[in-house]
2 protein chains.
Amino acid sequence: MFTQEEKDALYKVIYKRRDIRTFLPDLIPEESLHNILKAAHHAPSVGFMQPWNFIMVTSDELKERLAWAADKERRALAIHYEDAQGKEEHFLKLKIQGIKESPLTICVTCDPTRGGSHVLGRNSIPETDQLSTACAIQNMWLAACVEGLAMGWVSFYKKQDVRDILEIPPHIDPVALMTVGYTDHYPDKPILETSKWEERKNLDHLLFENKWGYK
Amino acid sequence: MFTQEEKDALYKVIYKRRDIRTFLPDLIPEESLHNILKAAHHAPSVGFMQPWNFIMVTSDELKERLAWAADKERRALAIHYEDAQGKEEHFLKLKIQGIKESPLTICVTCDPTRGGSHVLGRNSIPETDQLSTACAIQNMWLAACVEGLAMGWVSFYKKQDVRDILEIPPHIDPVALMTVGYTDHYPDKPILETSKWEERKNLDHLLFENKWGYK
């Protein structure tokens, strides 16, 4: 069903995709944007509930307010690193989001009420709707990468701030703010690996046979 | 950075990937298995915490017990459909998992303690570790698809049952049971769409401009 070239293409994009925090102001072509949203919408979802919405934030005023919400959260978190041997300073030097620079921020939301009270599978594990939304984000991210677009997942904010800024109803979960645009620097390795914040683990150490802890 | 053929390949696999519940007994080649696990491990993760582990369940006895856990949950859930106009009967006819038939079930877990107390970004939104794990699952699923393998996400179980069966420590979240193998029927459309359980939504209806509800 898939050729060797098609297999290679998938692995290339999976390995090349990076979380990007610096953007150029260039606008995103309509076709590319359509492709990445369609890719997101073709993610799996529990009970086929498709719990996601996508709020396309291009207003400078709203991006400014989202950046403010992210920045105050960043400053608040830095305080928690104060006893961690230089990690506070290291942390404050990391650029953690590019909401103001990127031409578009997509707020990806999850509606836990979609599909009614008895969504197939969701009753067993309620967070499967959020997990489905994460699958949509991953599809979107891979699609952005092949479209030559950079994407960054901003996860520093109080959800209530984002709800207030984007007028999101209280029962809707603003799962992620995804910044999108072109960049002049698409690194080979994760920023947190290059900056020596964390290392990539050895995959073999993460695998078990039949039971936890068994090799 | 990506050719048109590579773009087409990504979209092909994103659109073709399906949740499969019927499997052949044929074993999975080592190389394919390695490829799908490596794809999973290259997912994004909050603060680069890589919270996942993969328990490769091939023991017939353990698969039998996992299938029992899923089946009793299915029967328990069916009771909740009893007032829903024929939905109980419809539900009980759906095949919801293929744990016993598939040669391999991968239990994908999430360790919320990995990376210590101050994982970058996780302090703001604690469930980002689970969301990262879902991104790994989506990568794995796309990889399985290009490898010609079928995959199904089993989300019917009590987490404590799965912990007991696979000896998973109490603080580890068994996020998903992913059944893997070959199949003789890889459908074009989602099973829940074909069986008229749910329809695919119109993407345009899921998009908003700048604020929730605005077009």
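The values are calculated or read from the model by the stated rules, or taken from the named source; none is laboratory data. All of these numbers come straight from a predicted model, not from anything done at the bench. In this analysis, Cβ positions are derived from the backbone assuming ideal geometry, glycine residues included, and neighbour counts consider all displayed protein chains. Accessible surface areas use protein heavy atoms only, side chains included; no ligands, DNA or RNA. Shrake-Rupley method; radii C 1.70, N 1.55, O 1.52, S 1.80 Å.
Just for helices (runs of 4 or more DSSP H) wholly inside region A:106-198: which have at least 3 residues that are open to solvent by 20 Å² or more (accessible area, probe 1.4 Å)?
A:159-166, A:191-194
Restrict the check to region A:64-82 and report whether at least one residue is open to solvent by 40 Å² or more (accessible area, probe 1.4 Å), under 16 Å from the mean Cα position of the chain (by Cα) and farther than 28 Å from B:Ser155 by Cα.
no
Provide a single number: the residues in region B:141-174 that are among the small types (Gly, Ala, Ser) and closer than 18 Å to B:Gln97 by Cβ.
Of the residues in that region, 4 qualify.
Would you check if B:Pro25 is closer than 25 Å to B:Ile168 by Cβ and modelled with pLDDT of 95 or more?
no
Can you go through B:Pro112, B:Pro126 and tell me which one is more than 10 Å from chain A (Cβ to nearest Cβ) and in contact with an Asp or Glu (Cβ under 7 Å, 6 or more places away or on another chain)?
Checking each option against the conditions leaves just B:Pro112.
Can you name the residue in region A:1-45 that is among the hydroxyl-bearing types (Ser, Thr, Tyr) and more than 7 Å from every other protein chain (Cβ to nearest Cβ) and, of all such residues, is farthest from A:Ser59 (Cα to Cα)?
Restricting to residues being among the hydroxyl-bearing types (Ser, Thr, Tyr) and more than 7 Å from every other protein chain (Cβ to nearest Cβ), the top hit is A:Thr3.
Out of everything in region A:48-69 that is part of a helix (DSSP H, G or I) and facing another protein chain (nearest Cβ under 7 Å), what residue ends up being farthest from A:Met178 (Cα to Cα)?
Among those residues, the one meeting the criterion is A:Phe48.
Here are some conditions: (1) over 27 Å from B:Ser132 (Cα atoms); (2) in contact with a Pro (Cβ under 7 Å, 6 or more places away or on another chain). B:Gly181 meets all but one. Which one does it not meet?
It is condition (1) that B:Gly181 fails.
Checking the conditions here, which among A:Ser117, A:Ser155 is among the polar types (S, T, N, Q), within 29 Å of B:Arg74 (Cβ to Cβ) and modelled with pLDDT under 95?
Exactly one of A:Ser117, A:Ser155 is among the polar types (S, T, N, Q), within 29 Å of B:Arg74 (Cβ to Cβ) and modelled with pLDDT under 95, namely A:Ser117.
Tell me, which residue of region B:28-47 that is part of a loop (DSSP other than H, G, I, E, B) and either open to solvent by 10 Å² or more (accessible area, probe 1.4 Å) or touching a Pro at 6+ places or on another chain (Cβ under 7 Å) (or both) is nearest to A:Lys16 (Cα to Cα)?
B:His42
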